[in-house]
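Heads up, the thing below is written out as structure tokens.
FYI, it's all coordinate maths here, none of it is from the lab. Computed from a prediction, not measured in an experiment: that's the story for all the values here. No Cβ is skipped: glycine too gets one built from the backbone with ideal geometry, and neighbour counts run over all protein chains shown.
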Amino acid sequence: MPSNVLTVVGKLRRWLALTLEAGAIVAFLVMVVSLILQILFRYVLAVVAPWTEELARFACIWSVFLATAVCFDEGTHIRLDLIVAKVSRETTKRIMLLASVVVTGTFVVVVLYGSILLSQVGWVDFATTIPVRMGVVYLALPVSMVAIALFGILRAVEVGVGRMTRDVGRLPEQGSPCS
């Protein structure tokens, strides 16, 4: 039974991570193309195109927040595991890992709530140079928080089933976006 649960959890984690990575890559490419266009417009065509800077900034925001969720899943965010590493009993270690998930989950819920309010407020405003509602830009934060919450739930299931450690999706030398 635990093996089946871990297989399903692993597949869900991988699918969610790939989806977020694809979104982060698209946002990053939009940012790069927008900045290249800004250079071309300004120095080759001698035309000022202020929308390129704004588009690049919004794409950067989306890229960062989507990649943040992936980094959370891969365990490459800053973390303090000094105490967990010193504990020798498996039961105590499992309780500490679950407590970590609860603390992280509480943080995510608070940030998610605030970011939803921010997105609602921003939904009435438009960006200065492009026809995009600011709520769409602010939506990057709640999307990231929901993804982190899902990764946290999947991690709690893994710990609950008995899997104390897990491999990350890729090692940094294998092209991890979080290295």
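For region 31-47, backbone phi angles converted through the Karplus equation (6.51, -1.76, 1.60; θ = phi - 60°) give residue-by-residue couplings of 4, 5, 4, 4, 5, 5, 4, 4, 5, 4, 4, 6, 9, 9, 9, 6, 10 Hz, Gly and Pro being listed as x.
Residues whose amide H comes within less than 5 Å of that of residue 126, counting only those at least five positions distant or on another chain, are 134 (H built at 1.01 Å from N in the peptide plane).
What net charge do the residues around residue 149 carry, taking every other residue with its C-beta under 12 Å from that of residue 149, with Lys and Arg at +1 and Asp and Glu at -1? Please report the intermediate quantities before stating the final value.
Working: positive: 155; negative: 73.
Every neighbour counted, the sum reads 0.
Sum up the charges of everything whose Cβ sits under 15 Å from the Cβ of residue 60, counting Lys and Arg as +1 and Asp and Glu as -1, but leave residue 60 out. The partial results should precede the final answer.
On the way: positive: 57; negative: 53, 54.
Net charge around residue 60: -1.
Based on the convex hull around the alpha carbon atoms, region 1-77 presents an average projected area of 5.7 nm².
Peptide packing: for 50-59, 124-133, the average count of neighbouring Cβ atoms within 10 Å per residue gives the ranking 50-59, 124-133, highest mean first.
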